[in-house]
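What follows is a short report on a single structure.
The values are calculated or read from the model by the stated rules, or taken from the named source; none is laboratory data. Predicted, not measured: the structure shown is a model, and the values here were computed from it. Note that each Cβ is placed from the backbone with ideal geometry, even for glycine, and that neighbours are counted across all protein chains shown.
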Amino acid sequence: MRMLSRTVLALFLLLLASSAIGGDFKKGWKAYSSTDYETALSEWRDLAEAGNANACYGMGLLYGNGFGVDMNDDMALKYYLAAAEKGHAEAQYSLGIMHQNGWGVPIDEEEASKWYLLAADQGVVGAHLALGRVNAMDFSDKFDAVEAYKWFGIAANLGDLDAKSKIEFLVSRMTAEQIGEAERRVDAWMKSHPGIADSY
């Protein structure tokens, strides 16, 4: 009986705390989308500080682009990381971009690929394209035409038109065996992620 009352009390306090936090993510997103960054900032700040992943991602966008605030890579990284650690796919993708380009951190392809893989696993097409490009750089020791084809092939299956031209370029440099293996990898990924494939 005491455990039940403690549970009910904990739930009540949680609901009370969440209602006391100011901000409305959707209102902030609408403001952000119409370039009203001041309103977006005011809607997201308290939510982000309370740990709301969507609001953290929004704050990362504001600081990462200098929208309504001074551009600040450290703050963008802070907020993107907070959201990414909660599984926010777009924040994971954004961290990949920051690590790949050295924005606020030293350039780190391994760290970038880690975040791209997490975002790609949730269906972020930009992450599939980024992984394809990482593997398609034939001047790099990471060049892997089969793996590049796989990621571009997934992006193409999810509707990205540019990915098809990248596949055509790769195919001109691949053997029939490599193409077959790449297509098997694309098919395996699509089958292992049916919810993502169905949403496109």
Filter the range 163-183 for residues that are surrounded by fewer than 11 Cβ atoms within 10 Å (Cβ to Cβ) and of a type in the set (Asp, Glu); which is modelled with the highest pLDDT?
Glu177
Which condition does Ala148 not pass, out of (1) closer than 24 Å to Ala91 by Cα; (2) touching a Phe, Trp or Tyr at 6+ places or on another chain (Cβ under 9 Å), if it passes all the others?
(2)
Do the conditions hold for Ala17, that is, is it modelled with pLDDT under 95 and assigned to a helix (DSSP H, G or I)?
yes
Where residues in the range 38-94 are farther than 17 Å from Gly28 by Cβ and acidic (Asp, Glu), which of them is surrounded by the fewest Cβ atoms within 10 Å (Cβ to Cβ)?
Asp70
Scanning the range 38-95 residue by residue, those assigned to a helix (DSSP H, G or I), free of Cβ contacts under 8 Å to residues at least 24 places away in the same chain and not acidic (Asp, Glu) turn out to be Thr39, Ser42, Trp44, Arg45, Met59, Tyr63, Asn65, Met75, Lys78, Leu81, Leu95
Tally up the residues in the range 125-137 that are over 19 Å from the mean Cα position of the chain (by Cα) and touching a residue at least 24 places away in the same chain (Cβ under 8 Å), please.
1
